[in-house]
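See below for the structure under consideration.
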Amino acid sequence: MDDALVTAAGCLSNLPPNAKKISNSYEERRKQATAIVLLGVIGAEFGAEIEPPKGAVRARTGGQAPEGFGLTSGGSSNYSLARHTCKALTFLLLQPPSPKLPPHSTIRRTAIDLIGRGFTVWEPYMDVSAVLMGLLELCADAEKQLANITMGLPLNPPADSARSARHALSLIATARPPAFITTIAREVHRFNAAQANSQSQQNVHTSTLARAKTEILRVIDILIEKMPGDVVDLLVEVMDIIMYCIEGSLVKKKGLQECFPAVCKFYMVGYCDRSHRIAVGARQGSVALYDVRTGKCQMNTSLLGSIGMLNSAPQLRCIKTYQVPPVQPASPGSQNHLKLARLIWTSNRNVILMAHDGKEHRFMV
């Protein structure tokens, strides 16, 4: 563990000259590495509340920047403690395994835990995509590893790493839902584009994304349950992720409701069992139409306003949407009733708009 700490100490080599004196001694580097963990704990627990001194509280020499963890800067603050601590923790997570830094060492698991707990502090200074992919790599086989552990016994190092990475992913997703959703959706698009342009399909099932599909769906399920408002804002991106993680043949056989029931709770998601297509309404007024058989998505951006609910006629030949106008409500919660309406198809040409108070409005297509 000491060797791992000393290896990580190199991440602090760019600190301002007054912060430390570079030393080649093992003991000095070990102390610097121990400081990484201490700074990580302080930053993760209290970082958002700590700001550097303001005004002329402390004299500064030319070129010297104040240090702090806060997210809001004042003046020329560069928050070097947060930046360099984040750099060190990220190094411990992403550094390839070596004799000095084993894949499931205690210090690596500590860094994983601190990244998850203090993500809101570290986010501005880290490569979010690289961090998420690194965590997914560690917990891709979490179900298998944790299933073999006898209840009440200590976890072995691989299982402990998987558990830590799993927990960190949940903390990151719930702390910054848009960052998690957009980053994973971007990686899915990048992976699909690479596969479409590649002549070889040999590594499809060995990539991190492919192996971590179960974990990605688990986190999406948590977000839908705990933070549905954030999910609705990026519902099309969420469906892109779900469509990648669930086999099209399984959806075709069992239906979306059985494969991933959590997303079906949104009124702006519709699925047709006959045509095997999924329609998703977005806040920007667009409708995404997914073909389960081919996995392709077609966007309709001709609508205006936020889609509060969507439903489809049999065979998905006609899609009816109910849109909430983008106006500022006169009082808090006054628009909630508009979002509780439901569309019900009674035939291929007749649809009913059911309001929150039970009133029905019938339309013919």
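We did not get these values from a lab; they are worked out from the coordinates using the rules stated. No experiment lies behind these values; they were computed from the predicted model shown. All Cβ positions, even for glycine, are placed from backbone atoms using ideal geometry, and neighbour counts span all protein chains on display.
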Subject >> Other-chain or far-sequence residues with amide H under 5 Å of Gly118's (modelled H) >> reply: none
Original post:
What is the fewest-to-most order of Phe191, Phe260 by other Cβ atoms lying within 10 Å of their Cβ?
Top reply: Phe191, Phe260
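For Ser129, what charge total do you get from the other residues with a beta carbon under 15 Å from its beta carbon, if Lys and Arg give +1 and Asp and Glu give -1?
On the way: positive: Arg176, Arg186, Arg190; negative: Glu123, Asp127, Glu137, Glu187, Glu237.
With Lys, Arg at +1 and Asp, Glu at -1, the neighbours total -2.
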Subject >> Efficiency of FRET from Cβ geometry, Asp127 and Met227, R₀ 22 Å, rounded to 0.05 >> reply: 0.40
Original post:
How much length, in nm to one decimal, is gained on full extension between Phe46 and Glu258, taken as 0.36 nm per residue of separation minus their Cα-Cα distance?
Top reply: 72.1 nm
**OP:** Compute the FRET efficiency between His167 and Ala210 as 1/(1 + (r/R0)^6), taking r as their Cβ-Cβ distance and R0 = 25 Å, and round to the nearest 0.05.
**Re:** 0.65
Original post:
Rounded if a/c is under 1.5, else prolate if a/b is larger than b/c, else oblate: which is the range 77-219, with a ≥ b ≥ c the root eigenvalues of its Cα gyration tensor?
Top reply: oblate
Original post:
Between Gln195 and Thr294, what is the label-to-label distance in nm when each label sits 7 Å out along the Cα-to-Cβ direction?
Top reply: 1.6
Original post:
For the range 212-280, what does the alpha-carbon gyration tensor say about shape, rounded, prolate or oblate, given a ≥ b ≥ c as the root eigenvalues, a/c under 1.5 as rounded, and a/b over b/c as prolate?
Top reply: oblate
Subject >> Likely footprinting exposure, Met268, Met299, Met151, fewest C-beta neighbours within 10 Å first >> reply: Met151, Met299, Met268
Original post:
How far apart, in nm, are the 7 Å Cα→Cβ label points at Glu360 and Ser98?
Top reply: 7.2
Subject >> Simple label model, 7 Å out from Cα along Cβ direction - Leu146 to Asp273, nm >> reply: 3.3
**OP:** Just list whichever of Lys144/Lys265; Lys226/Lys296; Lys144/Lys252; Lys253/Lys296; Lys31/Lys100; Lys226/Lys253 have alpha carbons separated by over 20 Å in the model shown.
**Re:** Lys144/Lys265; Lys226/Lys296; Lys144/Lys252; Lys226/Lys253
Subject >> Order of Asp240, Asp221 - criterion: other Cβ atoms within 10 Å of each residue's Cβ, fewest first >> reply: Asp221, Asp240
